[in-house]
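J.: Submitted below is the structure of interest, expressed as structure tokens.
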Amino acid sequence: MPSAWFDQPMPSERVVLRYMPSPFHNIHTFYKADYIRTKWARFFEVRELLQKVHGAHQDGVVLIKRR
């Protein structure tokens, strides 16, 4: 992925990129924070969104399973 992709806004609330030549690890999914807070909240309590905890471009989400 060109690094310039990260210098502009995402075109939608969720973006899925597929790399068909590879049979494994060939999908990258990007979510806006609001998408995680609204859609994932049906299944989990969204405790925290952590920026850049897995390298320069990967954020983390702290979730608690709803009972």
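The values are calculated or read from the model by the stated rules, or taken from the named source; none is laboratory data. The structure presented is a predicted model; accordingly, all values stated were derived computationally and were not measured. With ideal geometry, Cβ positions are generated from the backbone for all residues, glycine too; neighbour counts draw on all protein chains shown. Surface accessibility is based on the protein's heavy atoms, side chains included, excluding ligands, DNA and RNA. Shrake-Rupley method; radii C 1.70, N 1.55, O 1.52, S 1.80 Å.
J.: If R0 is 22 Å, what FRET efficiency do you get for S12 and R67 from their C-beta distance, rounded to 0.05?
T.: Step by step, r from the Cβ atoms, then E = 0.10.
J.: Mind pulling up the Rg/Rh value for the chain? Radius of gyration and Kirkwood radius, both on Cα.
T.: Radius of gyration relative to Kirkwood radius: 1.00.
J.: Here is a further query. So with the 1.4 Å probe, I'd like the accessible area per residue for the chain, rounded to whole Å².
T.: 89 Å²
J.: What is the local net charge at F30, summed over the other residues whose Cβ is closer than 12 Å to its Cβ (Lys, Arg +1; Asp, Glu -1)?
T.: Taking every other residue near F30 into account, the sum is 0.
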